[in-house]
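Data first, discussion second: the structure below is written as structure tokens.
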Amino acid sequence: MHSHGFRRYPGVFESGHKISGIENVTSLNDVQVFQAGTKLAGSDLVTSGGRVLGVTARGVDLETSIRKAYRALEKIHFDGMQYRKDIGVKGLRRYNAGMGT
């Protein structure tokens, strides 16, 4: 996940936006949230960098892992939040074509 403006890197990206929903993800089995561009502002977790969070999941296969990660990602929010929707697609195509064995 990244903050709005990150695609213009190097450059200015938005920061200081409150991040909500991580608490809804940390309790999920086989899902991990990695913080990168975050900081505490009082008791709030806020954005402080272009690349803000990484969400990773484990599953019985690649397709399940991808699905779990995107479901978890949908529970997190901050203003200006953006994320790629193609992560894992190339690997899944290769796996389904028989190259993943």
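The values are calculated or read from the model by the stated rules, or taken from the named source; none is laboratory data. These figures come from a predicted structure and were not determined experimentally. Here Cβ is always computed from backbone atoms with ideal geometry, including for glycine, and neighbour counts include all displayed protein chains.
Answer with yes or no whether residue 16 is surrounded by 15 or more Cβ atoms within 10 Å (Cβ to Cβ) and either at negative phi or not aromatic (Phe, Trp, Tyr) (or both). No: the conditions fail for residue 16. Of all residues in segment 40-94, those satisfying the criterion of being among the aromatic types (Phe, Trp, Tyr) and out of contact with any helix residue (DSSP H, G or I) (no Cβ under 7 Å at 6 or more places or on another chain) are 70, 78.
For every residue, the table says whether it meets (1) β-branched (Val, Ile, Thr); (2) surrounded by 18 or more Cβ atoms within 10 Å (Cβ to Cβ); (3) touching a residue at least 40 places away in the same chain (Cβ under 8 Å).
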position: 39; (1), (2), (3): no, no, no
position: 51; (1), (2), (3): no, no, yes
position: 59; (1), (2), (3): no, no, no
position: 64; (1), (2), (3): yes, no, no
position: 77; (1), (2), (3): no, no, yes
position: 81; (1), (2), (3): no, yes, yes
position: 86; (1), (2), (3): no, no, no
position: 92; (1), (2), (3): no, no, no
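A quick yes/no check of all residues on (1) aromatic (Phe, Trp, Tyr); (2) in contact with a His (Cβ under 8 Å, 6 or more places away or on another chain):
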residue: 54; (1), (2): no, no
residue: 59; (1), (2): no, no
residue: 63; (1), (2): no, no
residue: 68; (1), (2): no, no
residue: 72; (1), (2): no, no
residue: 80; (1), (2): no, yes
residue: 83; (1), (2): yes, yes
residue: 90; (1), (2): no, no
residue: 96; (1), (2): no, no
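Here the strands (runs of 3 or more DSSP E) wholly within the chain that include at least 1 residues being at pLDDT 90 or above and of a type in the set (Lys, Arg) are 38-41. Evaluating residue 31 against the criteria (1) under 24 Å from residue 94 (Cα atoms); (2) of a type in the set (A, V, I, L, M, F, W, C); (3) surrounded by fewer than 17 Cβ atoms within 10 Å (Cβ to Cβ) leaves one unmet condition, (3).
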